[in-house]
Amino acid sequence: MTPTRRRVLIASALLVALAVGGVAAYFSTDIRAKEGRKAAKGPPPVPVSVARAAQETIPIRLSAIGNVEAFLTVAIKARVDGQIVEVNFREGEPVKKGAVLFRLDPRSYQAALRQAEANALRDRAARDQARSQERRYQELLGKNFISKEAYAQIRTNAETAEATAKASQAGLENARLNLEYCTIASPLDGYVGKVLLQAGNLVKANDVNALVVINQVKPIYVNFAVPEQNLPEVRKHNAAGPLRVDVTNADPSVPGAEGRLIFIDNAVDPSTGTIRMRAQFDNADATLWPGQFVNVSVQLYEQADAIVIPAQAIQTGPEGQYVYVIGDDLLAEMRRVKVQRADGERAIVASGVAKGERVVTRGQLRLGPKTRVQIGKPAAEPA
């Protein structure tokens, strides 16, 4: 190989080596640049849901479990002996005051009434005769035609006839009452229960067992108890006017009802440390039913300018309760809060959050101070 050709080959090898080194350096520099940009960018933002703190007027309530009680309960009993011949209602249906429920066999009482009427007529006639005789003898006494002893006897006979007539009249009225008692009517508007004695049965006056029980449910009562610690506050606010009481059913499809507090017991139950109370409801649509258990809420007063956030935003840590607040820079800030109380799915906070600030309601487990977030679909605002 000639010296010239050797120099050409060496130069070519050097050029190839330089080219390979330049390419390797380029790719190495590019990779380091990308890694540097990735490190500068940081981890991806954490997706969260947020809600804004609202400032509202919030009612202050006491919650309890209540039991519904009929406004009036009447056990219908017979007032005379007899056999039931008619039952004029269906079990469970509403009845009006004065509606006929039962009829007893009236024949024996009709006969007794006719006999009492005859006795009353006889004794009234005897009374009238005795009165007439007494007046005649009084005239004779004035003319000294009879003795005072004879007149006294005639006067006694007249008074006896008067008393006998009154007794007969009382017997007549009693016979009429007994005949009326053969028709048993409802004493109130309400709902009848199960018929305990059907037609054909014999009943006794004022028997231990009732014929049927009627409950008046319009209006209606709800009884409940609250801790004795709340008694001074309840009495204080109730003195200004009957407190509003709301009840809700366990079934959300059943509408609630609004009533008023009408009774506070005169003593605390020492075995439970609670005080019994009673509220009255109009119950026009009969949604409340005797014996039913309901959720009771007594509204004491209204707190103005309260800060309200969703209860799910509240977290509990070693140092107490806190929330994550998201600023305009989309960075999470952990703040300690003081919760006054819970109101259903909402929490009323005394400090730590201001009106309009955004608090995280979902995604808190992945957050820390200064964590960048990505806000997803907003949660419902506190209502």
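The values are calculated or read from the model by the stated rules, or taken from the named source; none is laboratory data. Source: prediction; values computed, not measured. Don't worry about glycine lacking a Cβ; one is built from the backbone with ideal geometry, like all the others, and counts go over all protein chains shown. For the accessible areas, the whole protein counts, side chains as well, though only heavy atoms, and no ligand, DNA or RNA atoms are used. Shrake-Rupley method; radii C 1.70, N 1.55, O 1.52, S 1.80 Å.
The residues of the range 290-317 that are closer than 20 Å to residue 359 by Cβ and either in contact (Cβ under 8 Å) with a residue 24 or more places away in the chain or outside any strand (DSSP E or B) (or both), listed by number, are 303, 305, 306, 307, 308, 309, 310, 311, 312, 313, 314, 315.
Among the residues of the range 92-131, the ones that are open to solvent by 80 Å² or more (accessible area, probe 1.4 Å) and assigned to a strand (DSSP E or B) come to 2 in all. Residues considered: 77, 143. Of these, the only one that is among the charged types (D, E, K, R) and within 30 Å of residue 221 (Cα to Cα) is 77. Only one entry of 326, 275 meets the criterion of being under 23 Å from residue 231 (Cβ atoms), open to solvent by less than 70 Å² (accessible area, probe 1.4 Å) and modelled with pLDDT of 90 or more, and that entry is 275.
Are any of the residues in the range 198-208 of a type outside the set (Val, Ile, Thr) and buried (at least 17 other Cβ atoms within 10 Å of the Cβ)? The answer is no, given that none of the residues of the range 198-208 is of a type outside the set (Val, Ile, Thr) and buried (at least 17 other Cβ atoms within 10 Å of the Cβ). Within the range 227-236, does at least one residue satisfy the condition of being open to solvent by less than 40 Å² (accessible area, probe 1.4 Å), free of Cβ contacts under 8 Å to residues at least 60 places away in the same chain and either on the phi > 0 side of the Ramachandran plot or touching a Pro at 6+ places or on another chain (Cβ under 7 Å) (or both)? No: the range 227-236 contains no residue that is open to solvent by less than 40 Å² (accessible area, probe 1.4 Å), free of Cβ contacts under 8 Å to residues at least 60 places away in the same chain and either on the phi > 0 side of the Ramachandran plot or touching a Pro at 6+ places or on another chain (Cβ under 7 Å) (or both).
You will find that of 215, 157, the residue that is within 31 Å of the chain's Cα centre (by Cα), of a type in the set (S, T, N, Q) and not in a loop (DSSP other than H, G, I, E, B) is 215 and no other.
Checking each residue in the range 175-204 for being modelled with pLDDT under 90 and either out of contact with any strand residue (DSSP E or B) (no Cβ under 9 Å at 6 or more places or on another chain) or aromatic (Phe, Trp, Tyr) (or both) picks out no residue at all.
So if I check each of 342, 354, which one is modelled with pLDDT under 90 and within 37 Å of the chain's Cα centre (by Cα)? After ruling out the rest, the residue left standing is 342. Residues that are among the aliphatic types (A, V, I, L, M), open to solvent by 50 Å² or more (accessible area, probe 1.4 Å) and either at pLDDT 95 or above or not in a helix (DSSP H, G or I) (or both) do occur in the range 54-67, at least one of them. In the range 160-175, of all residues being loosely packed, with under 15 Cβ neighbours inside 10 Å and touching a residue at least 24 places away in the same chain (Cβ under 8 Å), the one that is nearest to the chain's Cα centre (by Cα) corresponds to 174.
Based on what the data block shows, is residue 302 touching a Ser or Thr at 6+ places or on another chain (Cβ under 9 Å) and loosely packed, with under 15 Cβ neighbours inside 10 Å? Judged against the criteria, residue 302 is a match.
Within the range 246-262, the residues that satisfy the criterion of being open to solvent by 40 Å² or more (accessible area, probe 1.4 Å), part of a strand (DSSP E or B) and under 16 Å from residue 67 (Cβ atoms) are 248, 262.
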